[in-house]
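Here the structure comes first, spelled out in structure tokens, and everything after it is commentary.
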Amino acid sequence: MSPSEYTPTRRPRHTPPALRPTLPEWAVVSPERLDHIERVAELTSAWAEQLGVPDPERHRWLRAVWLHDAMRDAPLEDLEKWASDTPGPPELRHGPASAARARAEGATDRGVLDAVRYHSLGLAEWDMVGRVLYCADYLEPGRPFDQEHRAALAERFPTDPADVLREVARARLLHIIQSGWPVLEPTHRFWNSLVGTGAGSQ
Ligand SMILES: [Fe+2]
Ligand SMILES: [Fe+2]
């Protein structure tokens, strides 16, 4: 669907308490995008519960979830304004733009901002927020491909997050390579950080 075929909503729906916070009021997302973000929030919340994560940390995970695609359907001028140092298509700009916007609105949590900024690329220095968002964004059940395998990984995440993260990164990297796209530097470093880069690094 092209951006001109729907009217992006600025109105967050009612968000159940377990999935809060919610979309920032400056978000520009299509109804389908909001469905995706809600599914990512549901999966993240379920993992937090299974892992027994304390409330403040769960809150950081969910803040990143609600921010990560908040500018995914924003007009190109807005993406250029908020991510002026990130060239390329909207798919690569919306994370940096959302992070910059959140920061301008007063967000200061480095882990949350890095999770949002790099959610399309990966980042070697991520804390758990970035890792959870990267996995939940890919493993949420609404994506049409590879459903069985992704559901199995989603179920395994709470017992083996490091291995599931590596599997998700592998699948996403393979997709980049099979599509003939360049592997950007943060992605390359992220992958190496997950698998080790030489003798003795395991
Ligand atoms: Fe995204
Ligand atoms: Fe997403």
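Observations on the structure shown:
- Residue ranges 132-144, 63-75 sort as 63-75, 132-144 when ordered by packing (mean number of other C-beta atoms within 10 Å per residue, highest first).
- For region 124-193, the gyration tensor built on C-alpha atoms gives an oblate shape. Its axis ratio a/c (a ≥ b ≥ c) is at least 1.5, and a/b is not larger than b/c.
- For region 19-36, 3J(HN,Hα) per residue [Karplus equation, 6.51 cos²θ - 1.76 cosθ + 1.60, θ = phi - 60°, Hz, x = Gly/Pro]: 9, 6, x, 9, 4, x, 5, 8, 5, 10, 9, 6, x, 5, 5, 4, 4, 4
- Less than 5 angstrom separates the built amide H of VAL29 from those of THR9, all sequence-distant by 5 or more or on a different chain.
- Highest mean first, the peptides 93-103, 147-157 sorted by other C-beta atoms within 10 Å per residue fall in the order 93-103, 147-157.
Values quoted throughout were computed directly from the atomic coordinates according to the rules given, and no laboratory measurement underlies them. If you're wondering where the values come from, they're calculated on a predicted model, not measured in any experiment. Note that we place each Cβ from the backbone using ideal geometry, even for glycine, and neighbour counts take in every protein chain shown.
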